[in-house]
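Written out below as structure tokens is the structure these notes cover.
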Amino acid sequence: MENQIKLFNSVTRRNLMFGTFIEQENNAFATAFGKLAIHTPASLFNPMTITGEASSGKTQFLDSIYYSMRMKMPDSKLIFIRSNAFCLQFEYAMQNKCIIDFFNYYANANSLFIDDIDYLQQKMDVQAVLLQIIDQMHNSIGKLFFASSIQPQELSGFDAGLLSEINRGLVLHLHKPDRKTKLEILQTKVMRMNTNVPDKVLESLVQNDTLSITELENVLMNLLAKSVVLNSKMNLELLQAVLNETTGQFGNNNI
């Protein structure tokens, strides 16, 4: 069962820590408590729920806590899972009559991180098992971290007990990144890739407020690829060509 769980959970994440997480000024409070959660005992801020609309950086923020804790406690059992993968694992466990293995795998974790907890709306069987896992983790002093696009008090289709567990902890809200933060994120990505993109190109790219940071990164990767294939300089003309190619995917993208 554990091998199947790892297969379902084989997602690519950014391996961020707070040293590389780009902090936005109006998210300073949330970032400070995220850093504090790495060192505080499970009796405080447990569970911690990160909320924010799409592209606010919830997953990256959760990643930063997860990898920072992994570095600090390499021998601890830390699990990061997206809710859709959690549901797939649950279905597999039910079909193969190994739900106890599923339960034990999660309940014995020192810290459990669940992304997109709002995905579990109306999935009452999954919620029931998750509530049992949470109860067991509380008994063993485990830490719980959730991310949600919906504020906990506005969640519908949730078991009352599970909703109470989510609401009893600390809720931190993240704001969507502004242009300055988006630019810093892209500059950091370029630096980590050990490549070079002129600042004026990146500055023009982030002027498009219709694109999320994920979409901006997608354009950046396409820009780098096109520059290599065409042996072309990174300039505004090439950026516009890439944006024109992605119009169908992201909408109208003129610079």
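The values are calculated or read from the model by the stated rules, or taken from the named source; none is laboratory data. Quick caveat: nothing in here was measured; it's all calculated off a predicted structure. Cβ sites come from the backbone with ideal geometry, for glycine too, and all protein chains shown count toward neighbours.
Worth a mention:
- Ser64 vs. criteria part of a loop (DSSP other than H, G, I, E, B), modelled with pLDDT of 70 or more and out of contact with any Cys (no Cβ under 6 Å at 6 or more places or on another chain): no
- Residues of region 140-190 classified as part of a helix (DSSP H, G or I) and under 19 Å from the mean Cα position of the chain (by Cα), total: 9
- Taking the criterion of being polar (S, T, N, Q) and either at pLDDT 90 or above or in contact with an Asp or Glu (Cβ under 9 Å, 6 or more places away or on another chain) (or both), the only residue of region 210-226 that qualifies is Asn222.
- Whichever residue in region 205-244 is in contact with a helix residue (DSSP H, G or I) (Cβ under 6 Å, 6 or more places away or on another chain) and among the polar types (S, T, N, Q) and, among such residues, is farthest from Lys176 (Cα to Cα): Ser232
- Odd one out for Gln127 among (1) over 23 Å from Ala37 (Cα atoms); (2) under 20 Å from the mean Cα position of the chain (by Cα): (2)
- The set of residues in region 125-178 that are acidic (Asp, Glu), in contact (Cβ under 8 Å) with a residue 40 or more places away in the chain and surrounded by 15 or more Cβ atoms within 10 Å (Cβ to Cβ) contains only Glu165.
- Looking across Leu223, Leu211, one residue alone is aliphatic (A, V, I, L, M) and either more than 24 Å from Ile50 (Cβ to Cβ) or part of a helix (DSSP H, G or I) (or both). It is Leu223.
- Taking residues in region 61-88 that are in the same structural domain as Phe113 (by TED's automatic domain parsing) and surrounded by 19 or more Cβ atoms within 10 Å (Cβ to Cβ), and partners anywhere that are of a type in the set (Gly, Ala, Ser) and part of a helix (DSSP H, G or I), the pairs with Cβ atoms closer than 9 Å and at least 6 places apart or on different chains are Phe61/Ala30; Phe61/Gly34; Leu62/Gly34; Ser64/Gly34; Ile65/Gly34; Ile65/Ala37; Ser68/Gly34; Met69/Ala37.
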